[in-house]
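Enquirer: Can you read through this structure? Questions will come right after.
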Amino acid sequence: MENIFLFGLFVDSFPKLLSRLHITLYIVAVALLFGMLLGTYIAVVRLHKVPILSQLAIAYVSFVRGIPILVLLYIVYIGLPLVVGWFGVNINRWDTMIFVMIAYIINTSAFLSEIIRSAVAGVELGQTEAAYSVGMTRWQAFYRIIAPQAIQIAMPALGNTIVSLLKDTSLAYTLGVIDLVGVIKAISSNTYRSLEAYAAAAIIFFVLSSLLEQGFKWIENKLGVTKKITIIGR
Amino acid sequence: MIEVKGLHKSFGKHEVLKGIDLKVEKGEVVVLLGPSGSGKTTFLRSLNFLEQPDAGEITIGDTHVNCKHISKKEILEIRRNTAMVFQLYNLFKNKTALENVMEGLIVVQNMPKAEAEKISREILDKVGLVDKYDAYPSQLSGGQQQRVGIARALALNPEVILFDEPTSALDPELVGEVLSVMKKVAKEGLTMIVVTHEISFARDIANRVIFIDGGVIVEQGTPKEVLYHPKEERTKQFLKRILPDFDYSI
Amino acid sequence: MGFQFDVAFFAYEIGIGIKYIPIVLLLSIVPLIVGLLFGTGIAIVRLFKVRVLAKVFTVIVVFLRGVPLLLQLTILYLTVTLSFDSLAQTVGLKITSKDISYTLVAVVGLSINATVYLSEVVRTALQSVNSGQYEAAYSVGMTSGQMLKRIVIPQAMPVAIPLIGSNFIGLIKGSSIASLISVVELINGTLFEANGNYKFLEAYLASAIIYWALCIIVERIVASLEIRVGVYGKGGVV
């Protein structure tokens with residue numbers, strides 16, 4: 001039975017995995033930052049019902065949310081050079097990381113745009129009317145009244161999305177990125193065993209997810225988010 | 001001084017305001033009565049452009065606009081000269097009572113914070129909420145919230161305060177406290193246009209009562225005239241329905 | 001060199017992909033059903049704070065929720081194959097782990113994953129029902145079973161259905177990860193056809209379109225279910 005799980009290997013895996021942790025975190029951070037920017041833009045386009053752009057946004061969000069990340073990764077990896085190549089630009093030399101980043105940014109932007117959109121739409125119309133009746137401009141009303149309330153509505157779903165993003169990065173290795181999961185292939189080519197390394201990776205992800213969740217709980221408490229059940233699922 | 005000429009508004013095919021003319025003098029308290037669907041709320045909300053009228057002219061104080069060709073700047077100007085008290089209070093949920101009253105002063109009138117706070121405290125005292133400065137709307141009763149709403153409107157020192165059924169959402173025992181604040185406001189000489197079902201307010205405090213039905217002004221006059229000696233049949237029908245025991249003679 | 005997209009091959013791949021829809025459904029519907037059954041059980045155990053069992057389940061759920069699906073499937077796959085080989089050697093059987101159906105392993109792995117998330121969904125939905133309802137039911141003399149069946153579950157449905165729907169969509173997309181443990185499903189199937197002509201983009205886009213279509217169908221079904229079940233007012237705010 002000892003052939004199934006070598007505890008020694010399990011413990012040894014940790015330092016090797018943690019040495020690549022920064023890559024994983026880097027992907028999460030970049031995807032979150034740019035995904036938030038792009039997602040906000042898309043949400044604004046949809047909230048203001050900008051003609052044409054708004055329909056494109058709806059299709060974009062629906063498509064990106066409707067396909068597995070695995071498929072998106074490859075579509076970006078293979079498709080982007082082809083599309084850009086049509087304009088005469090050669091990006092085949094680009095580092096794989098860039099394609100990985102772009103794919104996760106696209107994915108995150110779609111999910112975040114929905115969260116932002118429904119959070120802003122979820123702030124009662126009466127709040128906006130009151131702000132206008134007092135004489136505020138659209139921008140003042142948004143910045144002082146609507147946005148703070150929208151953030152409160154969005155927090156739980158936002159936290160969930162970020163934790164999911166962390167777990168989703170586990171697929172980046174399929175494009176050859178040597179991150180927390182990618183390094184396991186490198187380890188196991190020497191030892192012909194990977195179960196222990198995968199188990200170690202599982203532990204690391206669990207710890208990271210828990211830290212993130214605790215962090216968000218703390219933020220939600222600080223912001224005074226009341227315990228409403230929001231319908232935005234995984 | 002408020003003046004409205006030929007106000008028209010349709011929602012799709014349904015014409016809700018069929019040409020309303022109205023003149024309100026400074027310090028006047030005007031009550032709008034009418035059955036549901038009559039257009040009285042739409043009319044009120046058109047005055048601060050929460051509804052966009054299709055046609056007509058509106059003058060509020062020194063600002064004169066043509067509803068058909070109105071710019072964003074003009075709408076903003078009108079809104080800075082008016083204030084509204086809502087049926088559902090619409091207090092800013094993320095601000096305390098004091099902050100709610102101060103908000104318009106700081107953000108819109110660019111008043112220094114200290115001055116705004118002083119004025120706001122005085123007004124909150126005036127509406128009877130001395131110990132509620134730091135309460136959030138969720139911590140206040142309906143009547144208290146509405147009084148904060150009135151305070152918020154008062155603080156802006158507008159040409160006119162628009163009241164959209166201010167007591168309709170309140171429990172009966174809380175209506176009184178809000179009405180008495182409104183009476184106080186009226187006595188101070190503020191111009192008020194009030195949509196309400198509270199006939200006692202119309203009877204005791206209003207300078208003029210206007211009966212609106214089917215998108216037009218059917219009849220207007222002093223409370224005594226309209227409530228006790230209505231001339232039009234539609235007015236009589238309406239009053240008969242809402243005041244079965246009200247004593248009026250033709 | 002211009003951007004060449006072989007539309008004909010793309011269309012062909014969609015046809016191929018459609019043949020793999022049953023696998024995708026197998027990998028998502030079975031986990032959904034298993035997940036709902038066991039997930040509800042776990043949720044009820046945790047809600048009623050059954051001695052020992054509730055704590056055990058809570059630990060399992062909290063742990064697995066933090067582990068990516070890829071790792072769950074890979075660990076399960078490796079454990080099964082290693083155990084099987086070890087067991088077979090000990091007992092002296094001639095079969096190896098290569099004879100195990102990887103699809104079965106994937107279904108089990110996806111089911112475990114689904115159970116964890118769906119137990120949370122059920123727990124959330126049941127908790128969204130006002131505690132006064134529980135109290136009233138007990139005061140009238142109902143057993144827990146009657147209360148759940150007649151009062152609580154009907155009121156929990158409007159909250160649960162959208163969440164179950166989005167979880168189902170997650171399962172459909174999650175089935176794609178089975179391709180990484182050698183299961184022949186939609187991605188592998190369409191990719192295989194492109195091995196000769198290297199038109200991988202057309203293959204991936206074909207799978208993408210099919211996944212997208214499946215998700216849209218599920219969304220529509222959930223939306224119509226929401227309408228039918230939303231008798232007690234809009235779910236979502238307690």
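Enquirer: Looking for something outside any helix (DSSP H, G or I) and at positive phi - is there at least one such residue anywhere in the range B:76-89?
Expert: yes
Enquirer: Continuing with this model, one more query. Based on what the data block shows, is C:Leu126 buried (at least 20 other Cβ atoms within 10 Å of the Cβ) and not basic (Lys, Arg)?
Expert: yes
Enquirer: Does the range B:174-184 contain any residue that is open to solvent by 10 Å² or more (accessible area, probe 1.4 Å) and without any contact (Cβ under 8 Å) to a residue 12 or more places away in the chain?
Expert: yes
Enquirer: Out of the range A:81-123, which residues are within 14 Å of chain C (Cβ to nearest Cβ) and of a type in the set (D, E, K, R)?
Expert: Correct list: A:Glu114 only.
Residue-wise test of (1) within 14 Å of chain A (Cβ to nearest Cβ); (2) in a loop (DSSP other than H, G, I, E, B); (3) closer than 21 Å to B:Glu28 by Cβ.
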{"site": "B:Leu129", "(1), (2), (3)": "no, yes, no"}
{"site": "B:Arg147", "(1), (2), (3)": "no, no, no"}
{"site": "B:Ala153", "(1), (2), (3)": "yes, no, yes"}
{"site": "B:Val178", "(1), (2), (3)": "no, no, yes"}
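A quick yes/no check of all residues on (1) at pLDDT 90 or above; (2) part of a helix (DSSP H, G or I); (3) away from chain A (no Cβ under 14 Å); (4) under 22 Å from C:Val61 (Cα atoms):
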position: C:Tyr117; (1), (2), (3), (4): yes, yes, no, yes
position: C:Val122; (1), (2), (3), (4): yes, yes, no, yes
position: C:Leu126; (1), (2), (3), (4): no, yes, no, yes
position: C:Tyr134; (1), (2), (3), (4): no, yes, yes, no
position: C:Gly145; (1), (2), (3), (4): no, yes, yes, no
position: C:Leu171; (1), (2), (3), (4): yes, yes, no, yes
position: C:Gly174; (1), (2), (3), (4): yes, yes, no, yes
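Enquirer: Suppose the filter is in contact with a Ser or Thr (Cβ under 6 Å, 6 or more places away or on another chain) and either touching a residue at least 24 places away in the same chain (Cβ under 8 Å) or part of a strand (DSSP E or B) (or both); does B:Pro166 pass it?
Expert: no
Enquirer: Going by the conditions given, is C:Leu70 in a helix (DSSP H, G or I), in contact (Cβ under 8 Å) with a residue 24 or more places away in the chain, under 21 Å from C:Phe38 (Cα atoms) and within 12 Å of another protein chain (Cβ to nearest Cβ)?
Expert: So C:Leu70 fails the test.
Enquirer: Additional query: Can A:Gly126 be described as over 20 Å from C:Glu202 (Cβ atoms) and within 7 Å of another protein chain (Cβ to nearest Cβ)?
Expert: yes
Enquirer: Of all residues being open to solvent by 30 Å² or more (accessible area, probe 1.4 Å) and away from every other protein chain (no Cβ under 12 Å) in the range A:162-207, which is nearest to C:Arg65 (Cα to Cα)? Just the residue, please.
Expert: A:Ile178
Enquirer: Identify all residues within the range B:147-166 that are within 27 Å of B:Gly37 (Cβ to Cβ) and open to solvent by less than 10 Å² (accessible area, probe 1.4 Å); write none if there are none.
Expert: Passing the criteria: B:Gly149, B:Ile150, B:Ala153, B:Val160, B:Ile161, B:Leu162, B:Phe163, B:Pro166.
Enquirer: Looking at this structure, is A:Leu17 surrounded by 15 or more Cβ atoms within 10 Å (Cβ to Cβ) and over 27 Å from C:Asn167 (Cβ atoms)?
Expert: yes
Enquirer: A follow-up question, please. Go through the range C:33-68 residue by residue and tally those that are over 24 Å from A:Phe206 (Cβ atoms), among the aliphatic types (A, V, I, L, M) and buried (at least 17 other Cβ atoms within 10 Å of the Cβ).
Expert: Residues that pass the stated criteria total 2.
Enquirer: Does the range B:191-205 include one or more residues that are open to solvent by less than 20 Å² (accessible area, probe 1.4 Å), without any contact (Cβ under 8 Å) to a residue 24 or more places away in the chain and closer than 25 Å to B:Phe86 by Cα?
Expert: no
Enquirer: Quick check: is even one residue across the range A:131-141 open to solvent by 20 Å² or more (accessible area, probe 1.4 Å) and of a type in the set (D, E, K, R)?
Expert: yes
Enquirer: Given the residues B:Lys73, B:Lys68, which is the only one that is outside any loop (DSSP other than H, G, I, E, B), without any contact (Cβ under 8 Å) to a residue 40 or more places away in the chain and closer than 28 Å to B:Pro35 by Cα?
Expert: B:Lys68
The values are calculated or read from the model by the stated rules, or taken from the named source; none is laboratory data. Quantities reported herein were computed from a predicted structural model and do not represent experimental measurements. Positions of Cβ are generated from backbone atoms using ideal geometry, with glycine treated the same way; all protein chains shown enter the neighbour counts. Please note that ligands, DNA and RNA were not included when accessible areas were found on the heavy atoms of the full protein model with its side chains. Shrake-Rupley method; radii C 1.70, N 1.55, O 1.52, S 1.80 Å.
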